[in-house]
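Colleague: The structure follows.
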Amino acid sequence: MDVPSSDDSEVRNLIHNLQHPVSDFSTLLSLITAPLDCLSILPPNFRRHNVNPLPSSSIRTSVHIPLLQRALLQHILPIWDSELKEQESLSVLDQYFCPDLFLSVSPVAGDIAVIAYATIISFPFTDHSIRLLARLSKEYPLDRLHSSIFSRKDSSIKLNQEWEDCIQNIVAVPAKVGNYCGTRNLAVPAFLEHGKYFNDLSIRCETLILTSSQEYVTSINVTLTKLVKLGVLPPHLPSTGSQPSFFHTTLPIVRSRLSQNDIDSYSSSWSRVFRGFESSFALQHVLASLFACLNTPESSTDCSPLARASVKREAFILNKLCPLGADDDELWQAISAVVLGREWKESMSRVFVCWIAECDYGCQFLLGCNCPASDLQYVVLRLLLDDVASLWLNPEHIKHSLISLHRYVTSILLLTVSYFPHSSPELVSLVLSADFINGISLYISSMDNAVRHCGMLVAEVAAQRAGKSLDFKDWDGDDSGKPWARSLRVLLADRDADADVGVLNEEDTSPDAIVSEAPQTGISEPKKAAIIIRVDGYDSDDSVTGYDTVPSSRSNSPTPSELEDIEKDPSLNVGRKTTPRPVYLAQLGAMLRSMGGMSKDNPAEEADKIEVALNCAEELIRKKKNYGTELEENAVNLAYGLIGLQDNYNLDRFNDLRQNALNALVACSPRKAAPCAIEEFFKNQYSTDQRYAILNALALGARELASLPIPPSVISRDATSFPSKRLPAPLHQKYLPQTAALPQILSGITREAIERGKDAAEDKVPQIVRERRFRVQPSRRISEVDSATSIAPNATTSPPKRTTFNEVAAEYFIAPLINRFWLLLRDEQTREQRTVYHEGRAKYHGTGTGLILNPLVITHFLRTLTVLAHASQHTSEWLGFIAPDSLELALTLGTKPMSVGDQPAEGANLTERGTKEASVLASALELAVIILDGCTQLDGGRALSLDHTALLMGVSEWASVIFSKLDEGIKLQGGGGEEIGLSLRRAAFGVILKVDEILSKYRRSMIDTW
């Protein structure tokens, strides 16, 4: 085409004439038609205007066409466009940019279109530019331009460079057109709208892949890479029609092509494309966009034949577009990064695993023949197992990931395990590895029950598949993801790769017929029974397992060894004399602490004594509340006995009975039991469960003293009061206290403190205050005075004085608790400093498991202190030391390291320094919210802001930093659970609001004292 002419002076003179004013219309047509006729693209009806033809082959396309196009755009169209339209000669000028369909088969026509894109894009836009680009986008699509460039005989490097320039011009069209039309309030042509243009471009790119060969892979990858940079391959489905999506547009076409018989060539083209990307970034985006457009079941654990067939169909598409082999290391790294490094729906895990399994199994499942498992080499599936196990066992993933991601990764891991044969070397190696065992321990120790059940489920399934036996027996109920775990177990009973894809075609053609004919067919019923057999674990082979019959009422005769065990086991011992119920508190204490000459030689009697003592402890303590000084004399002894009591005999409801007894003891004898319980809490001889019991007793006992709602007692109120002192049965049930555990109590009072600002704002509006007063305040009326009360007020016996929490809060609850904690912290840190240079087990850590400074215990300690502070807001000592001391404790625990091991290394970033557990931070902030709210309610925050200014400002800065870091997405240890993350964010926000409320009143006074 571009053969140099011996003399191109005539062509240059023609271009020069076009760049200068043209005398008349006939001269213009003569100038325009000559080059077109030389290129053989002049329409026949305009040949008569070519009065001065150019010599043959005088036009060189790459040299002269750009000059001619610029001259026409700059000098001819702005002046002669009206005349050309009137004379219906505008089409001949369009031949320089977009040769018509009759002449588009000419090789030079494609070259002109390629050059036209570059010329139009490089010049300022006009209405003619929009019109020409609209024609080009329809008549010269992507694949036509590609064939025009690569049909030339030139080096591949130069052709690929030209194609890259062409793609750069093509993808710039929508933005240029949008800017031009937007500044002039013009309607964008439909073919040039952003979404429509790139969707059409995607369809033509798929056509290009269909007809491509090995030599065109680089140009196709250049095109897809450019589309990735422009967002045409998004990692999600488009939400509106204006958002383009490559695979959302082309995947229906791909499905239809893959449903044909001869698909090997088409599949090979796509396979070469996925392996031809030079950038891993672009490859990952293409894969993510493809995955996002796949169809998945609505429910991730849907086991219906249609759902399994749908999963297998999507896996088949992935296997044909992007098959994997043993030597595809770079491709696998990209796939693993997309599958395990992004957030996907849980149902996508089934598609991914089925796809990887198909890569190993080939087309055997699709053809209906099953290959023996021993003959398969699980190359790709082993890669998936290694990568997903590495992520699932990552401590950072266990601590920080949300429950949705936990379930997604858990599903991939279990589905991958299900495709391996039982007791395969891969599964045995995984289960016996140290990393797997350590990961399971991290899951089980998680504070989020849903996360913990993910680890327990994987441990059970993996162990059973590896030939081991493990059963946690904690799957009944509907809480903490247990229904999901049960559904996933049912899903694992069969494999999606074994599904029959034919059901999809039957469902599409006649769904009603399938529903009506299903019960009548003789094949469907056996299939259904087979599934039930696999799920239930039933085996028809009588030689292996016996029948599940109702157990007989007659037991087998015990052996001599079993008789000895029965005699020694207190829980199975029978025939012993009944232990009498205690009548006095001294007897109760003796039974709990094995004092008073009671022997421990017989464990059966000891278990009976403890069981009887626990069953009647709460009732007896409450009965003795107002009976002289018996309770005060025995309260300390009972506290020692109940706190130190351990469940050595596996008694029923041991923890509940002990907790209720401790609650009653603190509520009925606060001056004796509370200081004793606090002193015992800070001793090293108790377990975490015992410390929890102490803190729960202090919190719930304090709320009972303050007449606040508490969980109801397990014993009947009738057992502790005379019938004459009880309300009628309906009213008695109506006024029973509401059930609320300690975390729910804390959540309720925190939410109430945060939302109290609305009521405070309403109190400032006089009209609202006046309406509230008229509505709520009862009217004063003349009432009859009781003569007996007025005449002889001292005639009746006054009831015994009841101890309120305001009387004992500061001296017996809060002050001892805070002071003893400071002493403990000082002693523990001193002990750590003494062993800081030791190594191994000689080095002491004060925050180890089971110790008081452990995050679990510290969290509960702060929650207890929050409940105590909330219940004591109306004490006279609140503003003096309860509020500032509690606030200082919250600030210290929320900012300072409790141990030398918790201190961050020098130069560590904030993420690495985030050693504070999220639960500790949330509890400390909730304590700060309650303190600030109480100060606001009592004196508007005056005492706290003026007397403790530095403390208030420190709390404000602490909460602001935490809230800002949470907005930035920082991950805290133990913050992956939804409840902990929500409470932490809410508490930080509440502290900021409360401090701002106080500062708005006393900021000026604080400046003077700062």
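The values are calculated or read from the model by the stated rules, or taken from the named source; none is laboratory data. These figures come from a predicted structure and were not determined experimentally. Neighbour counts run over all protein chains shown; Cβ positions are idealised from the backbone, glycine included. Note: areas computed on protein heavy atoms with side chains; ligands, DNA, RNA excluded. Shrake-Rupley method; radii C 1.70, N 1.55, O 1.52, S 1.80 Å.
Colleague: Based on a Kirkwood Rh over C-alpha pairs, give the Stokes-Einstein translational diffusion coefficient of the range 418-500 at 10 °C and viscosity 1.306 mPa s in µm²/s.
Modeller: 116
Colleague: Under the 0.36 nm per residue contour assumption, what length would be gained going from the current alpha-carbon distance of D127 and R70 to full extension?
Modeller: Contour length minus Cα-Cα distance gives 19.0 nm.
Colleague: May I pose another question? Heavy-atom accessible area of S390 with all protein chains present, probe 1.4 Å, nearest 10 Å²?
Modeller: 80
Colleague: Amide H of Q973 versus every other amide H placed in the peptide plane: which residues, excluding those fewer than 5 positions away on the same chain, fall under 5 Å?
Modeller: Correct list: A918.
Colleague: Largest first, what is the accessible-area ranking of E979, E877 with a 1.4 Å probe?
Modeller: E979, E877
Colleague: Using only protein heavy atoms and a 1.4 Å probe, report how much of M898 is accessible, in Å² to the nearest 10.
Modeller: In the full protein context, M898 sits at about 10 Å².
Colleague: Leaving ligands and nucleic acids out of the surface, order K226, K138 by accessible area at 1.4 Å, largest first.
Modeller: Ranked list, largest accessible area first: K138, K226.
Colleague: Which of the GluC sites (Glu not before Pro) found in the range 242-344 are in a DSSP loop and have at most 16 neighbouring Cβ atoms, other than their own, within 10 Å?
Modeller: Those that pass, being in a loop and sparsely packed, are E278, E298, E343.
Colleague: While we're on this one: Mind giving me the FRET efficiency for R834 and Q685? R0 is 30 Å, r the Cβ-Cβ distance, nearest 0.05 is fine.
Modeller: 0.90
Colleague: With no solvent and one point on each alpha carbon, what is the Debye value of log10 I(q)/I(0) for the range 64-155 at q = 0.10 Å⁻¹?
Modeller: -0.25
Colleague: With each pseudo-label sitting 7 Å past Cα toward Cβ, what's the S423-R12 distance in nm, one decimal?
Modeller: Between S423 and R12, the label points sit 9.0 nm apart.
Colleague: First measure r as the distance between the Cβ atoms of A842 and K971, then evaluate 1/(1 + (r/R0)^6) with R0 = 41 Å and state the FRET efficiency to the nearest 0.05.
Modeller: 0.80
Colleague: Taking the Cβ of D496 as the centre, find all other residues whose Cβ is under 9 Å away and add up their charges (Lys, Arg: +1; Asp, Glu: -1).
Modeller: Result for the neighbourhood of D496: +2.
Colleague: I would also like to ask the following. At 1.4 Å probe size, what's the solvent-accessible area of K196? Round to the nearest 10 Å².
Modeller: Roughly 90 Å² of K196 is accessible to a 1.4 Å probe.
Colleague: For R751 and Q161, compute 0.36 nm times the residue count separating them, minus their Cα-Cα distance, and round to one decimal in nm.
Modeller: This chain segment gains 206.0 nm when fully extended.
Colleague: HN-Hα J couplings of the range 805-813 from phi, Karplus 6.51/-1.76/1.60, θ = phi - 60°, integer Hz, Gly and Pro as x?
Modeller: After applying 6.51 cos²θ - 1.76 cosθ + 1.60, I find 5, 4, 6, 10, 4, 6, 7, 10, 10 Hz.
Colleague: Report the full-extension gain for the segment I79 to N505: residue separation times 0.36 nm, less the Cα-Cα distance, to one decimal in nm.
Modeller: Value of the extension gain: 147.2 nm.
Colleague: Next question. Alpha carbon centre of the range 226-294 versus the range 14-80: separation in Å?
Modeller: 43
Colleague: Please check which bits of the range 47-78 a label hung off T183 would reach, taking the label as a point 7 Å along Cα-to-C-beta and the cut-off as backbone N under 19 Å.
Modeller: 73-75, 78
Colleague: Simple spin-label model, 7 Å along Cα-to-Cβ: D471 to L306 in nm?
Modeller: Once both label points are built, they end up 3.6 nm from each other.
Colleague: For A466, enumerate residues with amide H under 5 Å from its amide H, sequence gap 5+ or separate chain, H modeled in the peptide plane.
Modeller: Under 5 Å from the amide H of A466: S423.
Colleague: Next question. Please compute the modelled spin-label separation between D100 and D652, points set 7 Å along Cα→Cβ, answer in nm with one decimal.
Modeller: In this crude spin-label approximation the distance works out to 9.8 nm.
Colleague: May I pose another question? Are there trypsin sites (Lys or Arg not before Pro) in the range 628-677 that DSSP puts in a loop and that have at most 10 other Cβ atoms within 10 Å, and which ones?
Modeller: Sparse-neighbourhood loop trypsin sites (Lys or Arg not before Pro): none present.
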